[in-house]
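Engineer: Here you go, one structure.
The values are calculated or read from the model by the stated rules, or taken from the named source; none is laboratory data. Small disclaimer: the values here were computed from a predicted structure and weren't measured. In this analysis, Cβ positions are derived from the backbone assuming ideal geometry, glycine residues included, and neighbour counts consider all displayed protein chains.
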Amino acid sequence: MNKFYIVSALALIALALIGCAAAGTPTPAPTATPITMPTAGPKPTIPPPGELVVMTHDSFAASEGVIKAFETTANVKLKILKSGDAGAALNKAILAKSNPLADAFFGVDNTFLSRALNADIFEAYKPASASNLPAAFALDPDFKLTPTDYGDVCLNYDRAYFQKKTLAPPQTLDDLTKPQYKSLTVVENPATSSPGLAFLLATVGQFGKDKYLDFWKALRANDVLVTEGWEDAYYAKSSWGGKGGDRPIVVSYATSPAAEVFFSDGKLKEPPTGNVLGDGACFRQVEFVGVLKGAKNPDAARKFVDFMLSAKFQEDVPAQMFVYPVMPGTKLPAFFKFAESPKKPAVVSTADINANRDAWIKAWTDAVLR
Amino acid sequence: MKTHRPALLLPLAFLAAFYVYPLAAILQTSFSGDTRGLAELCADAYYARVLAFTVFQAALSTLLTLVVALPAAYIFARYDFRGARVLRALTTLPFLMPTIVVATAFSALFGPRGSVNLALMQFLQLDQPPIQILNTLWVILLAHTFYNFTIVLRIVGGFWANLDPQVENAARVLGANRARTFLHVTLPLIAPAIVAAALLVFIFDFTSFGVVLILGGPRLATLEVEIYRQTVNLFNLPIAAALSLAQLVCTFALMYVYTRLQARLAQPLRLRPQAIVKRKPQRAREKIFVWGYLTAMLVFLMTPLVSVIAASFEDGSGYYAELFINRRGSIMFVPPMEAVRNSLFFAAITIVLAVGLGLLAAYALVSQSRAARILDPVFMLPLGTSAVTLGFGFILALGNLRASIWLVPIAHALIAFPFVVRSLLPMLRSIQPQLRQAAQILGASPARVWREIDLPIVARAVIVGAVFAFTVSMGEFGATALVARPELPTIPLAIYRFLGQPGLVNFGQALALSTILMVVSAAAIVAMERLRVGESEF
Amino acid sequence: MLKIINVTKTYAGAPLLRGISLTINDGEIMCLLGSSGGGKTTLLRIIAGLEPADAGEIFFDDQNMRDAPIHQRGFGLMFQDLALFPHKNVFENVAFGLRMQSASRAEIRARVNEMLELVGLAGFAARDVNNLSGGEQQRVALARSLAPRPRLLMLDEPLGALDRILREQLVADLRAILKRIGTLRAALYVTHDQDEAFAIADRIAIIHAGRIAQIGAAAELYRAPASAFVARFLGMTNLFPARVCADGRVETELGTFVTASEAKQSPSELEIASAQSFDSASLRSGSHLAMTSALIRPDRVRVGASGVPARVEECTFRAGRYRARVVTDRGARLTIEIDRALAIDARVGLEIESVELLPA
């Protein structure tokens, strides 16, 4: 009896393992999507001719058709290497400098531009279409990094909440410190969150290097809530998230209201939220792509940079990553009509960010958290 | 008893290649010859406060988890009741829920406008939400207990279930009341398992990342959180490396003390098959205790999960249907069944790796030789190392392997391995050596002895270890995010992809995938427990 | 034939076995008798191969066992705590050794049933070993060790935990069973209980301080114990320190003794019945001045008016005769066997018919 149990148990385990392994091997691939999984041994990272490895962050997205089109024209197989959030991915690329993991890197933003440039991991390459770029985006004159898209970090507010309370939504950053907006705001920790850092930079740009901490002290006195990440702030703490939160003002993206409509499955005709678009209330994040030094396939990497500025990719950007294309005149999808854009985002020079980012974060931490 | 040197080689080689080497590489790069980081660490009182808080919250959380979970371990060990297997499988589910999902679930319950608060406000006619625990120590304690309940239940319960109740009866006959019997007889006997469980829980709480980061809010930081901030956001590698070293030293010291304690407490036990030990609750008082406690346990562990499941159906089956549609034609679209398949595939390899290596290591450690005394805590170190630090070490050290699909199960096995070792050791130590010798004298070769004696007896511990390896692998996010290949995302990775974007449908899909994660895992765990070699046996 | 040659073993710096040599002949049941912790179990474990000896050799039929793996020695060992496999039932426990020999299913079933019948447990095959009584577990352990037809069976205090009546019954059964097994060439039985040893063994080896103090059949040992230790171990309690004087007299608490030849000349002196390792010449000449022990057998003391004055402390009826404990006026205590009862506290004279001198 017992022997029977043991034998059948072992057989079941073996079967389960074989089943899983078989399910993972490509030969009898039951799904349409091609999955490359080596049958034995580790896969070498040295790309065979015609393979392009692009390292990027978790939020990278693109349409399948657009990528296929690039692969055909450039005659390469594109391999995307997602490596954690934006900060982690960049740090990984820097650490792997002497033996790069990829040919190109996408997703350095202007808040971390200096770190990338100082680490000297990028090869200069100026695409032909770069001359059409608005000057405001060309933050690296050497074109080691080429801008591809931008987005604004803004305060979102709950339209229904303010309507119900017959309270006017805040217009400017200063409004947030007023008594009627007490205990209403959520911000992310700039030390752990990308929008959090962008919002901190907005306050630096708006109030100046010497005064921004006063604003934060006032905001703290007005019971601001700090979370570690955007997900927690947006879903669990906001009053429109429906998950027990009660705060109607949250630091997010200017495109978030549009995304709410897009991702409502047709339920929402109007966005449930609006943006605080007063002068200097938002910070513009610009994302860059670059060819990595020591790339095994630099030609293809350059073609990829060209491709990211092409109309095909630029038009794909809004719906995939909820950011704006950098190329002027790019056609935007219909739902982007709900996406608002600040007229005057806060301005902090890249050089200033380079020099002071860590000090500002530390000072902020001391002022707001301790 | 001689040391099993060959048995040690494989786990040691595994640790050396995938743990020590990458860690040394990142530490070397970080310090690159100067000790600025260490000096800064010692100079700034802030880090001392972080360390103090880390220890404080971990100790409190561990204590709370033990207090809450030990009665449950007793019930599962001593009583025979319908649905025990399914209930036990359910207790494992919190363990594999992504922190952000649990955070939203907690918020939906205990947030200022959460359902519990809304109900209380209406019922008690209050203007303010009465429960305000988010971003406090309380919610950290609560979440740690919620997550680690199953560790205590499984390790202590599994051991307790095989303890001969005759010993307790003897004490009762000798005039000890229930409490004294527990204190003077039962407790010392199950102490090795309690210590093992407490150790694991403590390390988990000590190196807690997501719970403290998200639920605790930014004002409360553990060493692990500080390492993450310094590594990823500030890219201050010298400080991060110094903190990593500090955490390693603490972990090692803790491990050393605990493993010595555990080894000393271990004694050969007269193990009895469960069938004899277990009985149905009969008297009214027993029934009230058993069913009352189980109900409370279910409410505590399941309410957050049920709220996730309920929310995933808010749109009928809409969120589930949406999972299968690549509406934007994205190249990053993951068909949900593929994520499930990837997760199960990685989990299966993780089980094989972790249980195989864990068995070998546990055998080597039973000997209690001097080498074993040092290696025992060393084997636990992967648990005390931040995923970020290790992930960066992989980049530096592993050369061509760093884009391999094997890195995911390897990383998972590194984390699961200590669980397997800890759940196996008390059991192995308690097998009377005479049983093996008797088998040998009856003509069994050493390999045969293992198969005939050890395997059936440790099967329970192996199952416990396998379940842990499985849940670790299914739920792991931090390390996976750094080493996974994007075309092979696991379920948690897919969940985070959805949570990275605003919109109801994204959130709904994250909840739907979380529900799928729970259902698939629960089914797999129940199946694994059925593999336990027959109920009449150990 | 099992031959143990000069086996030594040291534990934590203390010598446990100081050179044990022993031969067990075919068909013989040899008993190792000694106090607990005296190294008997260790010797069994060395023979079984569970522990290495520091020095010495083990031969079975002139085959050196030094490099033979445990599981290929063809020896059986019944553990003190039985070590039944708790996860296997009675049948599976007994069948274990046969399965290791890759016996066929039918063969295993037949042999297990035969063994269970032999030990009186027919019909117990499907029972859970954890639910058996102590005696039943003992029998399962015996059946298990006998089933694979060992050449040599070693039993380590196999009846240790049982009550006396059960033990006496089992020990008789055990001897009968061991003698009945054709394939069993020899048995080695460890105990600390002399009654058990006498009941089961053909020959007994008494182990003391890591050495064999004496070896022989039960009657031989009883008739002529080689030392005071052996005598004491065999349950003889009337042992007194004795001093051999220069003139050959032997002084004890009970009086002075002379050798038999001198006793005839001087009837008032007491007779020394035997003095192993002292020849009477050396005693007479007084050249041997060592301290020795004087043994007085309980049935060699008569109670009368004369003799050593003593008081009766206790008197009990035992197997047809009376056994009394008396204490002399000089404080020495003796056990004597007599035909009639004595009153407690009665004063008596002890006429000691003979003493035997043993090395201390």
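Engineer: Does at least one position in the stretch C:140-153 carry a residue that is under 14 Å from the mean Cα position of the chain (by Cα) and either at pLDDT 85 or above or part of a strand (DSSP E or B) (or both)?
Structural biologist: Residues of the stretch C:140-153 that are under 14 Å from the mean Cα position of the chain (by Cα), as a first pass: none.
No, that holds for no residue.
Engineer: What's the total number of residues in the stretch A:247-263 that are modelled with pLDDT of 90 or more, under 22 Å from the mean Cα position of the chain (by Cα) and not in a helix (DSSP H, G or I)?
Structural biologist: 7
Engineer: Do we find that B:Pro94 is at pLDDT 80 or above, of a type outside the set (D, E, K, R), in contact with a helix residue (DSSP H, G or I) (Cβ under 6 Å, 6 or more places away or on another chain) and in a loop (DSSP other than H, G, I, E, B) in this structure? Outline the logic, then answer.
Structural biologist: On the way: at pLDDT 80 or above: yes; of a type outside the set (D, E, K, R): yes; in contact with a helix residue (DSSP H, G or I) (Cβ under 6 Å, 6 or more places away or on another chain): yes; in a loop (DSSP other than H, G, I, E, B): no.
Here the answer is no, as B:Pro94 does not meet what is asked.
Engineer: Please report, ordered by residue number, the helices (runs of 4 or more DSSP H) entirely within the stretch B:109-202 with at least 1 residues that are touching a Gly at 6+ places or on another chain (Cβ under 8 Å), surrounded by fewer than 17 Cβ atoms within 10 Å (Cβ to Cβ) and among the charged types (D, E, K, R). Let's see the steps before the verdict.
Structural biologist: Values: elements: B:115-124, B:137-160, B:165-173, B:178-181.
Passing ranges: none, list empty.
Engineer: Against the definition (surrounded by 17 or more Cβ atoms within 10 Å (Cβ to Cβ) and not in a loop (DSSP other than H, G, I, E, B)), how does A:Ala138 come out, yes or no? First the steps, then the outcome.
Structural biologist: Values: surrounded by 17 or more Cβ atoms within 10 Å (Cβ to Cβ): yes; not in a loop (DSSP other than H, G, I, E, B): no.
Answer is no for this residue.
Engineer: Now, a different point. Restricting to the stretch B:309-365, give me the number of residues that are farther than 30 Å from A:Val66 by Cβ and of a type in the set (D, E, K, R).
Structural biologist: We begin by selecting, within the stretch B:309-365, every residue farther than 30 Å from A:Val66 by Cβ; these are B:309-314, B:316-317, B:344, B:347-365.
Okay, now just the ones that are also of a type in the set (D, E, K, R), so B:314.
The total comes to 1.
Engineer: Further question: Checking B:Gly508 against (1) at pLDDT 85 or above; (2) at the interface with chain A (Cβ under 9 Å from one of its Cβ atoms); (3) surrounded by fewer than 23 Cβ atoms within 10 Å (Cβ to Cβ), which single condition isn't satisfied?
Structural biologist: Looking at each condition in turn, B:Gly508 falls short on (3).
Engineer: Would you check which residues across the stretch B:298-354 are among the aromatic types (Phe, Trp, Tyr) and more than 10 Å from chain A (Cβ to nearest Cβ) and list them? Write out each step before concluding.
Structural biologist: Step one: filter the stretch B:298-354 for residues among the aromatic types (Phe, Trp, Tyr), giving B:300, B:313, B:319-320, B:324, B:333, B:345-346.
Across the stretch B:298-354, the qualifying residues are B:Phe300, B:Phe313, B:Tyr320, B:Phe324.
Engineer: Another question about this same structure. Among the numbered conditions (1) of a type in the set (A, V, I, L, M, F, W, C); (2) away from chain A (no Cβ under 14 Å); (3) farther than 30 Å from B:Ile227 by Cα, tell me where B:Leu357 comes up short.
Structural biologist: (3) is the only condition that B:Leu357 fails.
Engineer: Hey, another quick one. Go through the stretch C:61-80 and give me each residue that's at the interface with chain B (Cβ under 9 Å from one of its Cβ atoms) and either more than 25 Å from C:Asn93 (Cβ to Cβ) or out of contact with any strand residue (DSSP E or B) (no Cβ under 9 Å at 6 or more places or on another chain) (or both).
Structural biologist: Correct list: C:Pro69, C:Ile70, C:His71, C:Gln72.
Engineer: Picking from B:Phe477, B:Phe470, which residue would you name as being within 12 Å of chain A (Cβ to nearest Cβ), surrounded by fewer than 23 Cβ atoms within 10 Å (Cβ to Cβ) and among the aromatic types (Phe, Trp, Tyr)?
Structural biologist: Working: B:Phe470 fails: surrounded by fewer than 23 Cβ atoms within 10 Å (Cβ to Cβ).
Testing whether each residue is within 12 Å of chain A (Cβ to nearest Cβ), surrounded by fewer than 23 Cβ atoms within 10 Å (Cβ to Cβ) and among the aromatic types (Phe, Trp, Tyr) leaves just B:Phe477.
Engineer: For the stretch A:309-343, which positions are in a helix (DSSP H, G or I), out of contact with any helix residue (DSSP H, G or I) (no Cβ under 8 Å at 6 or more places or on another chain) and over 13 Å from A:Ser63 (Cβ atoms)?
Structural biologist: Of everything in the stretch A:309-343, those that are in a helix (DSSP H, G or I), out of contact with any helix residue (DSSP H, G or I) (no Cβ under 8 Å at 6 or more places or on another chain) and over 13 Å from A:Ser63 (Cβ atoms) turn out to be A:Ala311, A:Ala334.
Engineer: Of all residues being outside any helix (DSSP H, G or I) and over 20 Å from the mean Cα position of the chain (by Cα) in the stretch A:347-370, which is nearest to A:Leu201 (Cα to Cα)? Just the residue, please.
Structural biologist: Going residue by residue through the stretch A:347-370, those that are outside any helix (DSSP H, G or I) are A:347-349, A:370.
Those left that are additionally over 20 Å from the mean Cα position of the chain (by Cα): A:349, A:370.
On the way: A:Ser349: 10, A:Arg370: 20 Å.
Going through the qualifying residues, I end up with A:Ser349.
Engineer: Of all the residues that make up the stretch B:45-65, how many are surrounded by 20 or more Cβ atoms within 10 Å (Cβ to Cβ) and of a type outside the set (A, V, I, L, M)?
Structural biologist: Residues that pass the stated criteria total 5.
Engineer: Follow-up question, since we're still on this one. Condition check: free of Cβ contacts under 8 Å to residues at least 24 places away in the same chain, away from every other protein chain (no Cβ under 12 Å) and among the acidic types (Asp, Glu). Does B:Asp127 satisfy that? I'd like the intermediate steps shown before the answer.
Structural biologist: Working: free of Cβ contacts under 8 Å to residues at least 24 places away in the same chain: yes; away from every other protein chain (no Cβ under 12 Å): yes; among the acidic types (Asp, Glu): yes.
Yes: the conditions hold for B:Asp127.
Engineer: Would you check if there is a residue in the stretch B:66-87 being in contact with an Asp or Glu (Cβ under 8 Å, 6 or more places away or on another chain), among the basic types (Lys, Arg) and either surrounded by fewer than 19 Cβ atoms within 10 Å (Cβ to Cβ) or free of Cβ contacts under 8 Å to residues at least 24 places away in the same chain (or both)?
Structural biologist: yes
Engineer: Taking the options A:Gly244, A:Gly266, name whichever one is under 30 Å from B:Thr222 (Cβ atoms), within 12 Å of chain B (Cβ to nearest Cβ) and in a loop (DSSP other than H, G, I, E, B).
Structural biologist: Details: A:Gly266 fails: under 30 Å from B:Thr222 (Cβ atoms).
Criteria check complete, one pass: A:Gly244.
Engineer: Please go through the stretch B:203-222 and give me each residue that is surrounded by fewer than 24 Cβ atoms within 10 Å (Cβ to Cβ) and among the charged types (D, E, K, R), ordered by number.
Structural biologist: B:Arg219 - this is the single residue of the stretch B:203-222 that is surrounded by fewer than 24 Cβ atoms within 10 Å (Cβ to Cβ) and among the charged types (D, E, K, R).
Engineer: Which ones in the stretch A:273-303 are within 14 Å of another protein chain (Cβ to nearest Cβ) and either buried (at least 21 other Cβ atoms within 10 Å of the Cβ) or out of contact with any helix residue (DSSP H, G or I) (no Cβ under 6 Å at 6 or more places or on another chain) (or both)?
Structural biologist: Selection gives A:Thr273, A:Asn275, A:Leu292, A:Lys296.
Engineer: Any chance the stretch B:366-386 includes a residue that's under 22 Å from B:Asn342 (Cα atoms) and within 14 Å of chain A (Cβ to nearest Cβ)?
Structural biologist: Filtering the stretch B:366-386 down to residues under 22 Å from B:Asn342 (Cα atoms) leaves none.
Within the stretch B:366-386 (the criterion being under 22 Å from B:Asn342 (Cα atoms) and within 14 Å of chain A (Cβ to nearest Cβ)), the answer is no, since none of the residues qualifies.
Engineer: Let me ask another. Please specify each residue of the stretch C:51-80 satisfying the condition of being among the aliphatic types (A, V, I, L, M), part of a loop (DSSP other than H, G, I, E, B) and touching a residue at least 24 places away in the same chain (Cβ under 8 Å). Write out each step before concluding.
Structural biologist: The first filter runs over the stretch C:51-80 and keeps only residues among the aliphatic types (A, V, I, L, M), leaving C:53, C:55, C:58, C:65, C:68, C:70, C:77-78.
Checking which are part of a loop (DSSP other than H, G, I, E, B) leaves us with C:53, C:65, C:68.
Selection gives C:Ala53 alone.
Engineer: Return the total of residues in the stretch C:81-109 being surrounded by fewer than 20 Cβ atoms within 10 Å (Cβ to Cβ), more than 8 Å from every other protein chain (Cβ to nearest Cβ) and outside any helix (DSSP H, G or I).
Structural biologist: Within the stretch C:81-109, residues that are surrounded by fewer than 20 Cβ atoms within 10 Å (Cβ to Cβ), more than 8 Å from every other protein chain (Cβ to nearest Cβ) and outside any helix (DSSP H, G or I) number 3.
Engineer: Let me confirm something: among B:Val464, B:Val526, B:Val483, which residue is surrounded by fewer than 21 Cβ atoms within 10 Å (Cβ to Cβ), more than 8 Å from every other protein chain (Cβ to nearest Cβ) and β-branched (Val, Ile, Thr)?
Structural biologist: Result of the check over B:Val464, B:Val526, B:Val483: B:Val526.
Engineer: Next up: For the stretch A:92-111, which residues satisfy the criterion of being in contact (Cβ under 8 Å) with a residue 12 or more places away in the chain and either touching a Cys at 6+ places or on another chain (Cβ under 6 Å) or part of a helix (DSSP H, G or I) (or both)? Let's see the steps before the verdict.
Structural biologist: Kept after step one, since they are in contact (Cβ under 8 Å) with a residue 12 or more places away in the chain, are these residues of the stretch A:92-111: A:92-94, A:97-111.
Within the stretch A:92-111, A:Lys92, A:Ala93, A:Ile94 meet the criteria.
Engineer: Testing B:Arg85 on (1) under 19 Å from B:Met302 (Cα atoms); (2) at pLDDT 85 or above; (3) more than 14 Å from chain A (Cβ to nearest Cβ), one condition comes back false. Which one is that?
Structural biologist: The one condition B:Arg85 does not meet is (2).
Engineer: On the basis of being surrounded by fewer than 22 Cβ atoms within 10 Å (Cβ to Cβ) and within 11 Å of another protein chain (Cβ to nearest Cβ), does B:Leu407 make the cut? Step through it out loud before you land on a result.
Structural biologist: Details: surrounded by fewer than 22 Cβ atoms within 10 Å (Cβ to Cβ): no; within 11 Å of another protein chain (Cβ to nearest Cβ): yes.
When the stated conditions are applied, B:Leu407 does not pass them.
Engineer: Take the stretch A:59-87 and flag every residue that is surrounded by 22 or more Cβ atoms within 10 Å (Cβ to Cβ), assigned to a helix (DSSP H, G or I) and within 7 Å of chain B (Cβ to nearest Cβ).
Structural biologist: Scanning the stretch A:59-87 gives a single hit, A:Gly87.
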